[in-house]
Amino acid sequence: MAVLIEGYSIVVNKAHAAGKSEVLAAISTVDSALHPMALCADNDLLRIGFLDLQAARVFLTALKEAGLINAADAETGQNPEMVMVTQFGEIEGQCDWLKVQFTKLKDNTLICLAGLNSAEAVKGVAMPKGWNLEHSILKRYFEERSHFMDENYQFVRSEPMHTIYRNPETQREVRLLKLSYVPADKAELQ
């Protein structure tokens, strides 16, 4: 299985974090302040999603103080127990046990998944209880990021899976993964 990645997601490897009671206490202190659909888990991973990067960093700090090793802070030879991943597939730090991939739902909504890095194919996705796109972190994060890109970057073109912008300072192209996949017109592909 895999977990849905939305917004800024902190992914905890349950096996690596097992036996650390301080971690459960840290999670329970923030539970009431989370988005209603912030938590989901499969047998191996716990995902906590945030819309705000600062709130995600505060929570990462609380988990580090509870004894978990963050991938972004792991030293050579240390095995990280948690990592931050965005719904665009960006991983903060090196995390060998995590595999990130994209798929689409039946309605062509593109989603990012995280699972243990194994040879097995993903056979299901753990999503927050009562999840729906309209009230999800996924949609709000995408809308906020799109608004930011429209205000601060120059639109270049649209592709089936990405909207391409140009950074006005560096002139480099930046790809923003679309929320909904639109199949390409076959004439455009030739």
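The values are calculated or read from the model by the stated rules, or taken from the named source; none is laboratory data. Please read these numbers as outputs of a predicted model, since none were measured by experiment. FYI the Cβ positions are ideal-geometry reconstructions off the backbone, even for glycines, and counts take in every protein chain you see.
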Residues to consider are LEU110, LEU105; find the one that is surrounded by 16 or more Cβ atoms within 10 Å (Cβ to Cβ) and at pLDDT below 90. LEU110
Out of (1) modelled with pLDDT of 90 or more; (2) more than 15 Å from LEU177 (Cβ to Cβ); (3) of a type in the set (Gly, Ala, Ser), the odd one out for SER158 is which? (2)
Just checking, how many residues over region 122-145 are of a type in the set (Gly, Ala, Ser) and surrounded by 15 or more Cβ atoms within 10 Å (Cβ to Cβ)? 2
With the first residue restricted to region 92-106 and required to be in contact (Cβ under 8 Å) with a residue 60 or more places away in the chain, and the second required to be of a type in the set (S, T, N, Q) and not in a loop (DSSP other than H, G, I, E, B), Cβ contacts under 8 Å at 6 or more apart or on different chains are TRP97/ASN13; LEU98/ASN13
